[in-house]
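The values are calculated or read from the model by the stated rules, or taken from the named source; none is laboratory data. These numbers come from a predicted model, not from an experiment. Here Cβ is always computed from backbone atoms with ideal geometry, including for glycine, and neighbour counts include all displayed protein chains. Surface areas here come from the heavy atoms of the whole protein model, side chains and all, with no ligands, DNA or RNA. Shrake-Rupley method; radii C 1.70, N 1.55, O 1.52, S 1.80 Å.
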Amino acid sequence: MLESKIQSAVLKYLQGKGIFAWRQNNLAVYDPKLNGYRSHTGLKGVPDILGVIKGQLVGFEIKTPRGVQSSDQILFQKRLERNGGKYHIIRSLDDIKKLY
């Protein structure tokens, strides 16, 4: 299954459970007025989905079964966890259902 399909299913599931969660775009965005991409100025490695669960920031990085984290994603995970947040790598809808 494509990451985009897993992302959509996970986000729908979280929102259906009443969890405040959103898709975090972390790429440059195409701007037709510029006829090109606007540069990305956010943090590198931000997870695909962010949520707040019981007052805690939780990152959900969506990967296919063979997908691997980039070095920026690993660094973000370490920073988030060091500061009291949680981080999960999700490869299927079943993964999220086991957690929440």
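Right, Tyr13: of a type in the set (Phe, Trp, Tyr), outside any loop (DSSP other than H, G, I, E, B), in contact (Cβ under 8 Å) with a residue 40 or more places away in the chain and out of contact with any His (no Cβ under 7 Å at 6 or more places or on another chain) or not? Against the criterion (of a type in the set (Phe, Trp, Tyr), outside any loop (DSSP other than H, G, I, E, B), in contact (Cβ under 8 Å) with a residue 40 or more places away in the chain and out of contact with any His (no Cβ under 7 Å at 6 or more places or on another chain)), Tyr13 qualifies.
Starting from residues that are more than 22 Å from Arg66 (Cα to Cα) and among the hydrophobic types (A, V, I, L, M, F, W, C), keep the ones in the range 24-49 and report whichever is modelled with the highest pLDDT.
To start, the set of residues in the range 24-49 that are more than 22 Å from Arg66 (Cα to Cα) comprises 28-43.
Narrowing the set further to residues that are among the hydrophobic types (A, V, I, L, M, F, W, C) leaves 28-29, 34, 43.
Values: Ala28: 73, Val29: 75, Leu34: 83, Leu43: 87.
By that ranking, first place goes to Leu43.
For Pro32, are the conditions met, namely being out of contact with any Pro (no Cβ under 6 Å at 6 or more places or on another chain), closer than 18 Å to Glu3 by Cβ and loosely packed, with under 10 Cβ neighbours inside 10 Å? Spelling it out, it is not the case that Pro32 is out of contact with any Pro (no Cβ under 6 Å at 6 or more places or on another chain), closer than 18 Å to Glu3 by Cβ and loosely packed, with under 10 Cβ neighbours inside 10 Å. Has the range 56-78 got at least one residue that is open to solvent by 20 Å² or more (accessible area, probe 1.4 Å), in contact with a Lys or Arg (Cβ under 8 Å, 6 or more places away or on another chain) and in a strand (DSSP E or B)? Yes, because at least one residue in the range 56-78 is open to solvent by 20 Å² or more (accessible area, probe 1.4 Å), in contact with a Lys or Arg (Cβ under 8 Å, 6 or more places away or on another chain) and in a strand (DSSP E or B).
Residues in the range 35-55 that are open to solvent by 10 Å² or more (accessible area, probe 1.4 Å), touching a strand residue (DSSP E or B) at 6+ places or on another chain (Cβ under 9 Å) and either among the basic types (Lys, Arg) or part of a strand (DSSP E or B) (or both): Gly36, Tyr37, Arg38, Leu50, Val52, Ile53.
When the range 1-23 is limited to residues that are exposed (fewer than 13 other Cβ atoms within 10 Å of the Cβ) and at pLDDT below 95, the one that is nearest to Pro47 (Cα to Cα) turns out to be Ser4.
In the range 79-99, which residues are part of a loop (DSSP other than H, G, I, E, B) and crowded, with 16+ Cβ neighbours inside 10 Å?
Restricting attention to the range 79-99, the residues satisfying the condition of being part of a loop (DSSP other than H, G, I, E, B) are 83-85, 91-92.
Of everything in the range 79-99, those that are part of a loop (DSSP other than H, G, I, E, B) and crowded, with 16+ Cβ neighbours inside 10 Å turn out to be Gly85, Arg91, Ser92.
When the range 16-34 is filtered for residues that are assigned to a loop (DSSP other than H, G, I, E, B) and touching a strand residue (DSSP E or B) at 6+ places or on another chain (Cβ under 7 Å), the ones remaining, listed by number, are Ile19, Gln24, Ala28.
Would you pick out the residues in the range 70-91 that are touching a residue at least 40 places away in the same chain (Cβ under 8 Å) and out of contact with any Pro (no Cβ under 8 Å at 6 or more places or on another chain)? It would help to see each step written out before you state the result.
Residues of the range 70-91 that are touching a residue at least 40 places away in the same chain (Cβ under 8 Å), as a first pass: 87, 90-91.
Correct list: Ile90 only.
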